[in-house]
Amino acid sequence: MLEIPLWKKISLWAVTLALAAAALPSLLAPEGIDLGEDAPQVNLGLDLAGGSHLLLEAKPEDVAQQRLENMEEAVKTALEAASPEIEYGDTSRADGVFSFILDSAADIDRARGVLEPLMMGEGLRQEWDLSVVDGQRMVLTPTDSGQATALNSAMEGAVEVVRRRIDLLGTREPTIIRQGDTRIVVQVPGLQDPLALKEQLGQTAQLEFKLVDQQALPTNTQAGIANPGSQIFPYQTGSDMEGQFEAVKRLGGIRGDSLINARAGVDQRNNENIVNIQFDQQGGQKFAQLSTENVGQRFAIILDGEVISAPFFNEPILGGSAQISGSFTAESANQLAISLQSGALPVPLTVIEERTVGPDLGAESIRSALIAMIIGSMAVIALMIASYGRFGVYATIALVFNVLILLGVMAIGNFTLTLPGIAGFVLTIGAAVDANVLINERIREERKRGRKVITAIENGYKEASRAIYDANITNLIAGVLLFWFGSGPIRGFAVVLVIGLMTSVFTAVTLTKMWVSGYLSAKRPKDLNI
């Protein structure tokens, strides 16, 4: 029956008006009316609001080099943990492989057993090949599949780090997608100056704590000559020590992978800008052990291959907290804190393309879309009222609410409206009255068959709803697949399409049925002008 209980009418009106009200901030914002930061508002994409576009690229050889360094550290730990310890020396990372010579040929089988677990990846996948040459030299060679997996994992991790850094910068709805095997596209709407974005994303933020080589001669260090087992890093550009170098022990340090917090601050003793860091439990234990075993020795704080400072371990540092000091300004300290807190990039990224998109094209697109919407809506409204009279008026009111509810849902969901999304918006408006056309034509047929008014309307809504739901479900499936497999502009179109399908069914079927029910209850018409 068409009778709708009062509680249901109140509920439908409450939902309708609440969603329509959520569209107001988006409609009033272009007029300069500010309803507050907490008001929901539709975000505009890069093609509408303008912004910055960057194309980042990683080098596969950087990933390969990092894997060799990680393997050398893992081999050292594993052989030292063997009982008894397996002695070795003459390590090398030349030609893309890691090799070392055992002190005793009798340890070959034992070393092989210790190292075999290190060569397997997830799912027992072979990621390294182990061979023995010249009697005692063990050679670890990365497999092609292992290298490909490592590159893919590094790029996936880089995407997440980039996303976290942009979120910490306070931007909204960025587009961050992979392009090919080694590239990442970053689009940030509303950001007209890409310089700060480049600096933030280009910083690898690989933090390391390494013991200073106390045996290194200053003259050799400045000449770039390192002792066996050591390496040389330059001091940070712009610091008081710029142009100087520091020799550090290559193994046995701590990386910043286990950082859980980083915040910019000021040292109350000398009013110097610093970055306070906090390790997780495992990292805190390693840092405590390193500081306890090396009290009185210097350690270097290295960020992205440059020494920030090289202080002394004056006492054991317990609790997992430390601070990084250097020639920081308040802004650079904050940028470093953001980079460290978001995590280190698994692989360095280089900006190979950048451009700034102005908002003029977007403003013109919005203006053109509004004109198209107004003209199209007026034509649809005129046709509906001329064809169906009172029922055409109901369809027109439903069309207006459909636009408002669609905007309101996008604002509440914090969705982004793009140029293809506007196309989907206009398409939704054009298709929004399809359901009413089906319903009204079905009611006409029922009347021609001699059905009474109430029966004709009831059958019209019941029979037409089946076709409406079937058609919209198939379109909904297509929209979901577009969103799932698409990216960028395709997703922008799919979002508006999917939401528009649901709102149009709600307004064209559910709301108009409520209004028609109220009309029948109040007027009790004997005939219909439809």
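The values are calculated or read from the model by the stated rules, or taken from the named source; none is laboratory data. Bear in mind the structure is a predicted one, so any value in this text is a computation, not a measurement. Every residue, glycine as well, gets a Cβ built from its backbone with ideal geometry; the counts of neighbours run over all protein chains shown.
Odds and ends about this structure:
- Test result for residue 422, modelled with pLDDT of 90 or more, of a type in the set (A, V, I, L, M) and crowded, with 18+ Cβ neighbours inside 10 Å: no
- Scanning segment 266-307 for residues that are assigned to a strand (DSSP E or B) and either of a type in the set (Phe, Trp, Tyr) or surrounded by fewer than 16 Cβ atoms within 10 Å (Cβ to Cβ) (or both) yields 266, 267, 272, 279, 299.
- Residue check for residue 490: outside any loop (DSSP other than H, G, I, E, B), modelled with pLDDT of 85 or more and under 24 Å from residue 475 (Cβ atoms): no
- Residues being more than 22 Å from residue 59 (Cβ to Cβ), buried (at least 18 other Cβ atoms within 10 Å of the Cβ) and modelled with pLDDT under 90 - total across segment 126-165: 1
- Top-ranked residue in segment 115-149 [being in contact (Cβ under 8 Å) with a residue 40 or more places away in the chain, part of a strand (DSSP E or B) and farther than 14 Å from residue 101 by Cβ; ranked as farthest from the chain's Cα centre (by Cα)]: 141
- Every residue from segment 437-464 that is touching a helix residue (DSSP H, G or I) at 6+ places or on another chain (Cβ under 6 Å) and under 14 Å from residue 512 (Cβ atoms): 438, 439, 440, 442, 443, 457, 460, 461, 464
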